[in-house]
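Report on one structure; see the data block that follows.
The values are calculated or read from the model by the stated rules, or taken from the named source; none is laboratory data. What you see is a predicted model; the values in this text were computed from it and never measured. Here the Cβ positions follow ideal geometry from the backbone for every residue, glycine too, while neighbour counts run over all protein chains shown. We work out accessible area using only protein heavy atoms, side chains counted, and drop any ligands, DNA or RNA first. Shrake-Rupley method; radii C 1.70, N 1.55, O 1.52, S 1.80 Å.
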Amino acid sequence: MTDRIREFLRQRQDDGPCLVVDLDVVRDNYQAFAKALPDSRVFYAVKANPAPEVLSLLASMGSCFDTASVAEIEMALAAGATPDRISFGNTIKKERDVARAHALGVSLFAVDCQAEVEKIARAAPGAKVFCRILCDGAGAEWPLSRKFGCEPAMAVDVLEHAHRLGLSAHGISFHVGSQQRNTGAWDNALASAAAIFRECGDRGIALSMVNLGGGFPTKYLKKVPAVKAYGAAIFQGLRKHFGNRIPETIIEPGRGMVGNAGVIEAEVVLVSKKSESDEVRWVYLDIGKFGGLAETMDESIRYPIKTPRDGGKVGPCVLAGPTCDSADVLYEKQPYPLPFSLEIGDKVLIEGTGAYTSTYSSVAFNGFPPLKTYHI
Ligand SMILES: *Cc1c(COP(=O)(O)O)cnc(C)c1O
């Protein structure tokens, strides 16, 4: 919470939940990344918060952009990024979208199998490709599973295939899992990357880039290391596995760039119990899983929540959204402690919500409008 957000909310007249993002915090985060990893170019992961204000600010500071669709490429271009500062980092692309990206001037693509390489060779001849390798995501609160990437041994063949088809086999990428609280999580992946560099070298293919992905955390309830600590651990891993031949690197922070810049203000719609003797209260807010808080799925991301009654005695609450879908419960397995004095109509602040909220909100489920956002 910043003074600027507090003042904005004090003066706000509109009804309904809203997200307020302080762009000064985004600016500070960008500078912290640039300082912590001075030799890595920053490709902001657009999906975390694609607001034009965020993209324009980052473009003006020199950031590059990691995009997952033609629409995101167009947003990055509209914000002032040139196509050489944009990567098409989704490993799952329609060939006509590759062609469209190529026509827009984008020349850096992610792949994780030969079929995807072939699409790029046909639709974006001569482009640079990097191959994503699997990462187990251990230590991450929002792991990215096996959906993206291939086994390291296969990456060598994928890159060789790209090379044979006239593409530039540029390098390797991985993602250690989002909200990664272990600064050492990059080490294993860097070992794999170095082995792939060697193997490709033996086949006459000189790779030059390692894309270190995202994963840098936002502070929610638990402590997280500073970005400086990630920079140091990553540099150590690069030295250990690449020796004096450290490759060009890029990072793709999403959550770590915008998460702590945003606060959602919501309202308590109802406080009730399921029986008189229950200890646990049910607290219903005017925002839930369908209003932008989708990352509470499996209670993965636990947001800090501030109320006007803080300081008084607290008791366990099930926290739920306002829609008529029983999946719209935020925290139940692990109830959320909130003040006993909390009342209907109280405004609560949900902190650390600058990433992965606004674009997760549904269009009109149950008649609730998408989350209102203000970037100040
Ligand atoms: C979502 C995504 C990111 C951003 O991840 P964070 O954990 O939010 O930093 C980076 N790279 C790729 C390829 C992604 O899909």
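Criterion applied to Val283, Val210, Val268 was being open to solvent by less than 40 Å² (accessible area, probe 1.4 Å) and within 14 Å of the ligand (Cβ to nearest atom), and the one residue passing it is Val210. Among the residues of segment 123-130, not a single one is more than 16 Å from the ligand (Cβ to nearest atom) and under 26 Å from Phe216 (Cα atoms). Determine, yes or no, whether Ile264 is in contact (Cβ under 8 Å) with a residue 12 or more places away in the chain, over 25 Å from Thr373 (Cβ atoms) and β-branched (Val, Ile, Thr). The answer is no for Ile264. Among the conditions (1) assigned to a loop (DSSP other than H, G, I, E, B); (2) under 20 Å from Thr359 (Cβ atoms); (3) open to solvent by less than 50 Å² (accessible area, probe 1.4 Å), Gly105 misses just one, which is (2). The set of residues in segment 232-265 being open to solvent by 50 Å² or more (accessible area, probe 1.4 Å) and either in contact with an Asp or Glu (Cβ under 7 Å, 6 or more places away or on another chain) or among the hydrophobic types (A, V, I, L, M, F, W, C) (or both) consists of Ala232, Phe235, Ile246.
Residues are listed down the side, and each one gets a yes or a no for (1) touching a residue at least 24 places away in the same chain (Cβ under 8 Å); (2) more than 13 Å from the ligand (Cβ to nearest atom); (3) open to solvent by 40 Å² or more (accessible area, probe 1.4 Å); (4) within 24 Å of Asn260 (Cβ to Cβ):
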residue: Ile5; (1), (2), (3), (4): yes, yes, no, yes
residue: Arg10; (1), (2), (3), (4): no, yes, yes, yes
residue: Val26; (1), (2), (3), (4): yes, yes, no, yes
residue: Asn29; (1), (2), (3), (4): yes, no, no, yes
residue: Ala48; (1), (2), (3), (4): yes, no, no, yes
residue: Pro52; (1), (2), (3), (4): yes, yes, yes, yes
residue: Ala79; (1), (2), (3), (4): yes, yes, no, yes
residue: Pro83; (1), (2), (3), (4): yes, yes, no, no
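Checking segment 178-190 against the condition returns no match, with no residue being surrounded by fewer than 16 Cβ atoms within 10 Å (Cβ to Cβ), touching a helix residue (DSSP H, G or I) at 6+ places or on another chain (Cβ under 8 Å), touching a residue at least 60 places away in the same chain (Cβ under 8 Å) and of a type outside the set (Phe, Trp, Tyr). Contact map, segment 336-355: first residue at positive phi, second residue part of a strand (DSSP E or B), Cβ cut-off under 7 Å, separation 6 or more or different chains; pairs are Gly345/Glu267; Gly345/Val268.
Out of Asp346, Asp328, one residue alone is touching a Phe, Trp or Tyr at 6+ places or on another chain (Cβ under 9 Å), modelled with pLDDT of 95 or more and acidic (Asp, Glu). It is Asp328. I want to confirm something. Restricting to segment 145-163 and keeping residues that are aliphatic (A, V, I, L, M) and surrounded by fewer than 21 Cβ atoms within 10 Å (Cβ to Cβ), which single residue is nearest to the ligand (Cβ to nearest atom)? Applying the filter and picking the extreme gives Met154.
Matching residues to (1) touching an Asp or Glu at 6+ places or on another chain (Cβ under 9 Å); (2) farther than 30 Å from Pro253 by Cα:
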{"position": "Ser326", "(1), (2)": "no, yes"}
{"position": "Tyr331", "(1), (2)": "yes, no"}
{"position": "Tyr336", "(1), (2)": "no, no"}
{"position": "Glu343", "(1), (2)": "no, yes"}
{"position": "Gly354", "(1), (2)": "yes, no"}
{"position": "Ser358", "(1), (2)": "no, no"}
{"position": "Val363", "(1), (2)": "no, no"}
{"position": "Leu371", "(1), (2)": "no, no"}
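Residues of segment 227-256 that are farther than 23 Å from Arg27 by Cα and either small (Gly, Ala, Ser) or outside any helix (DSSP H, G or I) (or both): Ala233, Gly237, Gly243, Asn244, Arg245, Ile246, Pro247, Glu248.
Only residues that are under 23 Å from Leu9 (Cα atoms) and buried (at least 18 other Cβ atoms within 10 Å of the Cβ) were counted in segment 321-345, giving 4.
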